[in-house]
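Okay, structure first, notes after.
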Amino acid sequence: MNEEADSTRSVAESLAERVARPVVYQLPDMDKVRVISNLKYSEVDNPYLLMDVYLPPDLMARERRPVVVFIHGGAGPEYKPKDWGMFQSWGRLVAAAGMVAVMFTHRFSPPPQLLLVEAASDLNTAIKYIRSNAELFHADGDRISVCAWSSGGELLSPLLIERPAFVRCLVAFYALLDVQQYAPPGDAATLQYLKAFSAIASLPEDASTLMPMLVVRAGRDEIPTLNDAMDRFVARALTINAPITVINHPAGGHGFDNQNNDERSREIIRSSIEFMRTHLRSE
């Protein structure tokens with residue numbers, strides 16, 4: 001029992017160390033970004049549902065900037081993923097690039113709970129909160145990008161279905177875009193539940209008018225079936241003529257943006273920021 005407990009602690013410490021690392025790319029003035037922390041964006045009775053907003057350092061009075069909303073992966077809000085070094089550095093990076101960055105915790109958690117409906121509601125509430133308080137955050141609520149990591153990709157599905165005009169583009173970093181395969185054989189109810197949160201099932205027959213989407217792939221992703229699901233999504237999206245861009249890191253693992261300190265990682269991060277900036281520009 002003691003060896004098993006030690007092993008569990010070791011794994012937990014390893015994961016904690018991994019998420020504590022910052023992204024492997026930096027911009028000038030990241031240290032000058034202003035952070036508004038621990039905002040209670042939701043009326044749900046959960047003390048861990050909080051939001052941080054990162055403001056560009058060169059804001060002028062009454063100026064509005066486009067917004068990037070981050071969706072973390074499958075860690076419950078009690079693990080405070082918005083406080084991880086990875087996402088804090090992404091917030092500063094995006095703000096230093098001239099956009100308002102928003103990181104919030106949501107209720108999705110690993111199986112068997114999932115709580116996908118609840119997490120999707122949290123995303124909707126978070127976006128509404130930013131748009132309702134846009135003046136306070138120097139935010140342009142009509143120019144929003146949503147960027148998801150890992151299992152946070154499951155929360156992109158409602159946006160693909162509803163297509164709100166204020167969401168100008170989507171970004172998926174090594175994200176789960178088809179989770180239907182996780183339904184037990186013959187379990188129609190679970191299959192239907194997972195289908196509702198599978199981006200591949202949310203694609204229309206003609207996707208030419210969808211918001212642009214960037215799909216970032218880790219060529220050596222160690223999460224079983226993740227790349228298979230992503231590849232199915234990309235193939236389907238191209239078949240229906242969706243405006244997608246795909247970037248692959250051949251040597252990248254899950255979390256390469258703060259794990260693989262190489263030029264390909266930095267190139268992908270730069271390209272992702274430019275993708276968002278391009279599609280969030282005023283018309």
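The values are calculated or read from the model by the stated rules, or taken from the named source; none is laboratory data. Please read these numbers as outputs of a predicted model, since none were measured by experiment. Every residue, glycine among them, receives a Cβ derived from its backbone with ideal geometry; neighbour counts consider all protein chains shown. The accessibility values were calculated without ligands, DNA or RNA, using every heavy atom of the protein model including side chains. Shrake-Rupley method; radii C 1.70, N 1.55, O 1.52, S 1.80 Å.
Structural remarks
- Selection count where residues are buried (at least 22 other Cβ atoms within 10 Å of the Cβ) and among the aliphatic types (A, V, I, L, M), scope region 52-85: 4
- Criterion: modelled with pLDDT under 95 and surrounded by fewer than 22 Cβ atoms within 10 Å (Cβ to Cβ) - qualifying residue of L114, L136: L114
- Within region 139-153, being touching a residue at least 40 places away in the same chain (Cβ under 8 Å) and either open to solvent by less than 10 Å² (accessible area, probe 1.4 Å) or closer than 15 Å to Y129 by Cα (or both) holds for A139, D140, G141, R143, I144, S145, V146, C147, A148, W149, G152, G153.
- Candidate set from region 172-195 (those that are in a loop (DSSP other than H, G, I, E, B) and free of Cβ contacts under 8 Å to residues at least 24 places away in the same chain); member that is surrounded by the fewest Cβ atoms within 10 Å (Cβ to Cβ): P185
- Hits in region 212-229 - residues which are surrounded by 14 or more Cβ atoms within 10 Å (Cβ to Cβ) and in a helix (DSSP H, G or I): L226, N227, A229
- All positions within region 161-171 that are surrounded by fewer than 22 Cβ atoms within 10 Å (Cβ to Cβ) and either assigned to a helix (DSSP H, G or I) or in contact with a Pro (Cβ under 8 Å, 6 or more places away or on another chain) (or both): I161, E162, R168
- Qualifying residue in region 143-162 (condition: in contact with a strand residue (DSSP E or B) (Cβ under 8 Å, 6 or more places away or on another chain) and over 21 Å from V246 (Cβ atoms)): yes
- Residue tally, condition open to solvent by less than 40 Å² (accessible area, probe 1.4 Å) and small (G, A, S), over region 32-51: 1
- The condition (being under 19 Å from the mean Cα position of the chain (by Cα) and open to solvent by 30 Å² or more (accessible area, probe 1.4 Å)) is satisfied by just one residue among T239, T209, T245: T245.
- Members of region 196-205 found to be in a loop (DSSP other than H, G, I, E, B) and in contact with a Lys or Arg (Cβ under 7 Å, 6 or more places away or on another chain), listed by number: L203
- Residue, nearest to H279 (Cα to Cα), within region 86-107, restricted to residues that are touching a Gly at 6+ places or on another chain (Cβ under 9 Å) and open to solvent by 10 Å² or more (accessible area, probe 1.4 Å): M86
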